[in-house]
Amino acid sequence: MIGQGAAGEFELPEAAAEGRARRPAQSFWSASWEELRENRIGMVAGVFILVLAVIAISAPLLAQLVTHYQPTRQDLDSQFQPPDARHLLGADETGRDTLTRLIYGAQISLGVGFLAVALQLVVGGGVGLLAGYYGRWVDELLMRFVDMVLAIPAIFLFILMSILFRPNALTLSVIIASVGWGVVARLVRGEVLSVKNRDFVLATRSIGAGDARLILRHLLPNVLPVIVVAASLGVGAVILVEAALDFLGLGIHPPTPSWGNMLSHAETYYHHSPYLVIFPGVMIFLTVLAANIFGNAVRDAFDPRLR
Amino acid sequence: MGRRDVSENEFADFERFLNAWSRRDFLRGMGGSLAVTTFLAGGMELLAACGGNSGSQTSTQNAKRGGHVVEGNPTDIANLNPLYINDVYSQTIAYRLYDALLSVDNQASLVPNLATDVPKVSSDGLSYTFKLHKGVQWSDGQPLTADDVAFTYQLMYAPEWKGAKARYRPQAEQYIQSVTAADPQTVVIKTTKVFAPFLITFCTGTSGTGGILPKHVWEKLKPEAMPSSEMNNLPTVVSGAMVPVKWDKGSQYVIKRNDNWFRGKTYIDQHVFKVTPSFVANANLLKTGEIDIGIVDNSVWDDLANSQSVNRVAFTRPSYDYYLHNLDGSRTPKAAIFGDSQVRKALYTALDKKKIADKVYFGQATPADSVMSSVQWAHTTPKTQYPYDLAKANKMLDDAGWKKGPDGIRSKGGVKMEWELRTNAGNAVRETLITVLADQWKQIGANVATKPVQFPQLVTQLSQTRDFEMILLGISENADPDLTQNYKSTSIGNGALNGSGYKNPEIDSLLDEGVQTVDRSKRKDVYAKIQDILMQDLPTPLVTYPKGLWGISKRVQNFGVGPWTQYGARPWYKDVYVSDGK
Amino acid sequence: MLLRFLLRRALAAIPVVVGVTLITFLLMHSAAGSYVPGLSLNPNLTPKDVEQLRSELGLDQPIYVQYLDWIGVAWIMQKVGLAGVLVGAHGITPGLLQGSFGHSMVDGTAVGGQIFERLPNTILLTLSAILLGVLLSIPLGVMGALRRGSNLDHFFSFLSIAGVAIPQFWLGLMLILIFSVKFHDWGLPFLPSSGTTTPFTGGDLLDRLAHLVLPALVLSFFYLAIWSRYTRSSMLEVLSQDYVRTARAKGMSERRVTYLHGLRNAVIPLVTLVGLELPGLVSGALVVEAVFSWPGIGLLAFQRALAYDYTMVLGIVTFAAVLVVLGNLVSDLLYAAVDPRIRLQ
């Protein structure tokens, strides 16, 4: 269930890749970029994520100037306050301001989202490149290892590792990435295999180019689109996983706010104050939605297999 | 209308009155919380006086035979064998299946069970003689005799049964000299020394142990085979009010009426113990009728009052939530901070226990004022108290030489005032409580990090390894006020509860005196002294006395839970019936 | 041909499963450190007793010995008379190679027994979710395809995209709030929110279904979102194929065209997507099980991992890994069966 690549089967009505006017030759990247820009909904989603990232980074500033609360400031007398003038989105069980905590929570969700995906790409991409390029026993060995990692149901791996490591944003990213890299590795390896035997590679090798040079300067750029696509679709999945781990009590602990752990405590009180459950849940939903829509738009624009 | 129905109506009216108050004040968010608490506190006295559901006034005039009750709890059973019981839920079920020699009532007084009377201890204080009821049968028809009783106790103290690893073996070996079956109806237990809590601890089941096992079944096993025997959780032969039917692991445990029970037949046919998601969910399940009985979380208590089909019962429990300082320098460097008694007093003074009781417990708790719960007969309110006073707490620390640094955190002699406070994960009240405590201590310049830890690990850290800095825990007390496990210097490590490593020779000798004195009023004086000293030393300050909050479906009658009859001991059980007979 | 394929896959699977056990074993032991499980059942132990318990559970052996013990190599060595080769090996019990998962370290019950008792609950849940997903996504996808570009289609599109963005546990909580709590408050027939059956009065099919609805719905939401989109695009593709146009030209009614040719061919590839979910059959429902207190395998693993019950966790993870491998195999077979262009390699 933890997204292992099954989330990528979408077509947005506007992004159908048929019947576009063919332009004169343009580099792959600029053509793709232009196509992306034409996708209105995708761009809106992208901007949403960007704005959220800015908010997350400037959280302390916002807390100071806009909400006037620290995320960990308690005020038992304001316990369970519904949204009102003093607390725009209400307060939780110890009187902490929900809006401020949501803003700081974005740091965790987006931070872990991007970092985990980045790690997945680096490790998975690296392994995939090596396995695809060198082939034979290197390939066998690496891919068997990938099989092993992918055979353990992800959630169990997460549970075990969360017990092992003290969970903070960094270790959480590592933990989540340690499962997803396998999928990326397989993907990249597949691409490398299909690119490997093309003429330009054979030609480059025949003039004596070294392995590293070949991998980095020739294979990698051709494999990059697939990596970009995997990245864009992965962020949403990681955010969901991170929230689920927090919810189960395995991720970030209070008082550090994360959308997931705001929900785990809110669960206890949701008969009492349902809005504590609604706001963080909506944030997760909107963010993942935007990430997925933008990810789909990126895929539609950049995936060489869709051309 | 029976007397019972009248008091029930009064009860219901009073509840509605309380609710109107509490909700109004809640909405205003004002200091009406003080009024509410006063009302609630007073209300409990009133209810206790009315007899409410105290179980001493059960009426079975209109009792219908037949039907079932469903009791909900968020955990599955662990072990139902009285030799091994370690949690209250298993205890609740086990003592429907097994009987002990005695039991307790809602005032923590001993009442007879398998024994015909509560024995008076012999003049030398070492010998107890029990006369058993005649004609008691096991569920397979065999007679229950003194041999079974002797056998059960031997499993705990006799050397040849050491391999059975009974939970109370250390205490049994320490206190039981011999258990003999003088004749099939008479048992004589001799203790090694005078031990006032003996009957409560070993003969009632309230500590877990005390239920009598069938000798003819269990003597066939090798001692080493006992801890893992299937009969622990699905006993084949029992003597109690009910017999086991089935156990759907993780889901439910079902028991049904034992027609051979020596007290007669229970009115209900079956009692189902269902595993529910949480105490919060219990409120929901009570409303929808999926369960009939269950403990309810504080946060949904008020809301449950709206239900037309559920009665609520609240009472101060024999329990408390408290925190331990680790005073052992060999286990943690933080002992340097806590070793200073001014620091401990300042920390306690900085806690607004009233507000905590109102907010964190939703008003369903009272601030603690001693080292044992207010329900214990030995409870006194020591003169030394620590009312909330932030300014005073700050001054105490200033005077003691703990200066605030530029970051607001105090330090003295190079030691910064910061530590980690742990509690058991999964308990919302405790997890919230540690963040609140950390925040209140931040006001006096202490930097406290909080960490929820899984319960088994926490218990290990408390009772074995003692490698914590500060722990917040809850204690459910025994019906005896003995505090040896908590404060005696011999109770450090080895699985006992003196996790802070508190050593006080005066307390040690007072504790001994407490268990060796049989006369209750003399004992009370001893424990008064103990409470005075401990309130001055503050090794483990108590925060609140939480209430027990039970929801009981209106169709269930005579379910008389009270402070001492929540779990194993339920002397009113035989009168429970369901008004619709279903 | 098929036999060779299966054999090759089986052989390739063995090192994978062994690797899984190794990884899990190392993780569990690293996480637990020197903690002795089962202590909470009997805290009245002296350090001597704790050491004895540790020794009885075999936790004082070096890690590789513990592993060999669990795997069952130690058993074989003992049979062959080589037991002394392993440092301190004593009282060796059958291990994995002999078909035994051992006993729980927390309560001593047989691991295999617990697994097989709770497994049907999880399988019931996930299969129901898959069934629900298929049953709902076909009509949704077909309707979207037939009314392409309409508001209904856009609405369904949005639902799909939204469906994969909702956190499962949140969805579960919301559904409980509405269908269990509020429905009851409003006097409507309501759905239960925990467990598999109502005790005593329940147990019949209707009761079981009532308990199954909410958790299965939550679990199926994700599938629904993806599969309905797939069905839609698959349907669109099929409907534009030549043979369909031919059928229309020959005068076949639109309805017959849709259902006879379109539906059948569009739906069959859905099978491959369903197959993709088979590996996750056992472990994928953990979060839902937690929210609904559904007594399944996932919840058991979660609770036991927190209690450091080594053997139980190892048993469950190994079992799940084997199922993942099997699930992948079945999924590949399904794929090959459905698409004749794929050759089994």
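The values are calculated or read from the model by the stated rules, or taken from the named source; none is laboratory data. Treat the numbers as computed from the prediction; the structure is a model and nothing was measured. Ideal geometry is used to build each Cβ from the backbone, glycine not excepted, and the neighbour counts take in all protein chains shown. Calculation scope for accessible area: heavy atoms of the full protein, side chains included, ligands and nucleic acids excluded. Shrake-Rupley method; radii C 1.70, N 1.55, O 1.52, S 1.80 Å.
By the gyration tensor of its Cα atoms, with a ≥ b ≥ c the square roots of the eigenvalues, what is the shape of the range B:198-270: rounded for a/c under 1.5, prolate for a/b over b/c, or oblate? Walk me through the numbers before you get to the answer.
Working: a/c = 1.57, a/b = 1.16, b/c = 1.36.
Note, shape of the range B:198-270 comes out oblate.
Given a Förster distance of 60 angstrom, what is the FRET efficiency for A:Glu34 paired with B:Gln174, based on the Cβ-Cβ distance and rounded to 0.05? The partial results should precede the final answer.
Working: r = 85 Å, r/R0 = 1.41.
Computed FRET efficiency for A:Glu34 and B:Gln174 comes out at 0.10.
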Problem - Length released on extending from A:Met43 to A:Ser194, taking residue separation times 0.36 nm less the Cα-Cα span - result: 51.2 nm
Problem - Entries of B:Lys215/B:Lys256; B:Lys355/B:Lys395; B:Lys64/B:Lys215; B:Lys190/B:Lys265; B:Lys274/B:Lys554 with Cα pairs more than 28 Å apart - result: B:Lys64/B:Lys215; B:Lys190/B:Lys265
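Restricting to Cα atoms and excluding each atom paired with itself, what does the Kirkwood estimate give for chain B in Å?
On the way: mean 1/r = 0.0397 Å⁻¹.
One over the average 1/r among Cα pairs gives 25.2 Å for chain B.
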Practice task
List every residue whose amide H lies under 5 Å from the amide H of B:Val104, counting only residues 5 or more places away in sequence or on a different chain, with H placed 1.01 Å from N in the peptide plane.
Solution key: B:Val111
Completion exercise
log10 I(q)/I(0) for the range B:500-567, Debye formula on C-alpha points only (no solvent), q = 0.13 Å⁻¹, two decimals, reads -0.62
Exercise for the section: Please work out the FRET efficiency for the pair C:Lys182 and B:Thr381, using the Cβ-Cβ distance as r and a Förster radius of 60 Å; give the result to the nearest 0.05. Expected result: 0.85
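Accessible area per residue of the protein assembly as shown at 1.4 Å probe, in Å²?
Details: 49690 Å² over 1234 residues.
That works out to 40 Å² per residue.
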Exercise for the section: Please report, to one decimal in angstroms, the Kirkwood hydrodynamic radius of the protein assembly as shown built from all distinct Cα-Cα pairs. Expected result: 33.3 Å
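Report the antiparallel proportion of the DSSP beta bridges in the protein assembly as shown as a percent, rounded to a multiple of 5.
Numbers: 58 of 75 bridges.
For the protein assembly as shown, the DSSP antiparallel bridge percentage is about 75.
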Fill in the blank from the handout: In the neighbourhood of A:Asp75 defined by beta carbon distances under 12 Å, the net charge of the other residues (Lys, Arg +1; Asp, Glu -1) is 0
Handout entry: Coarse-grained scattering of the range A:100-235 at q = 0.10 Å⁻¹, given as base-10 log I(q)/I(0) from a Debye sum over alpha-carbon atoms
Key = -0.39
Completion exercise
Label model pair A:Arg136, B:Gln536: point-to-point distance (7 angstrom along the Cα→beta-carbon line) in nm is 8.5 nm
Problem - Debye-sum result for the range A:35-175 in log10 I(q)/I(0), which assumes one identical scatterer on each alpha carbon, at q = 0.09, 0.10, 0.11 Å⁻¹ - result: -0.48, -0.58, -0.67
Practice task
Kindly compute the accessible surface that chains C and B hide from a 1.4 Å probe when together, both sides summed, and give it to the nearest 100 Å².
Solution key: 3100 Å²
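Probe radius 1.4 Å, ligands and nucleic acids left out: can you give me the accessible area buried at the A-C interface, summed over both chains, in Å² to the nearest hundred?
Values: alone 16330 and 19180 Å², together 31020 Å².
Buried area between the two chains comes out at roughly 4500 Å².
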Exercise for the section: Working from the alpha-carbon coordinates of the range B:306-418, get Rg over Rh, Rh being the Kirkwood radius. Expected result: 1.09
Practice task
Roll a 1.4 angstrom probe over the protein heavy atoms and tell me the percent of accessible area of chain B that is carbon or sulfur.
Solution key: 51 percent
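What is the diffusion coefficient of chain A in µm²/s, taking the Kirkwood radius over Cα pairs and the Stokes-Einstein relation at 4 °C with a viscosity of 1.567 mPa s? Spell out each step's value before the answer.
Working: Rh = 21.2 Å.
Estimated via Stokes-Einstein, D reaches 61 µm²/s.
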Exercise for the section: Could you check the simple spin-label distance between C:Leu22 and B:His133, using points 7 Å along Cα→Cβ, in nm with one decimal? Expected result: 6.3 nm
Fill in the blank from the handout: Taking N as the residue count of the range B:466-582, its alpha carbon Rg divided by 2.2 N^0.38 Å gives 1.42
Handout entry: Additional length obtainable on full extension of the chain from B:Ala391 to B:Val194, 0.36 nm per residue less Cα span
Key = 66.1 nm
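I'd like the mean, over residues of A:255-262, of how many other protein chain beta carbons sit within 10 Å of each residue's own Cβ. Display every interim value, and only then the final one.
Working: counts 6, 0, 0, 0, 2, 3, 0, 0.
Averaged over the peptide's residues, the number is 1.
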Handout entry: Rg over Rh [alpha-carbon atoms, Kirkwood Rh] for the range B:99-209
Key = 0.94
Practice task
Distance between Cα centroids, the range B:412-457 to the range B:514-553: provide it in whole Å.
Solution key: 25 Å
Exercise for the section: Could you work out, residue by residue across B:277-286, how many beta carbons of other chains sit within 10 Å of that residue's beta carbon, and then give the average as an integer? Expected result: 5
Completion exercise
In terms of the charge dipole of the range B:281-434, which places +1 on Lys and Arg and -1 on Asp and Glu at the beta carbon, the residue among B:Phe338, B:Pro367, B:Leu351 farthest towards the positive end is B:Phe338
Problem - Other-chain or far-sequence residues with amide H under 5 Å of B:Gly363's (modelled H) - result: B:Asp358
Problem - Average other protein chain Cβ within 10 Å of Cβ, residues C:17-25 - result: 4
Handout entry: Where labels lie 7 Å past Cα in the beta-carbon direction, separation of B:Asp259 and C:Ala12 in nm
Key = 6.4 nm
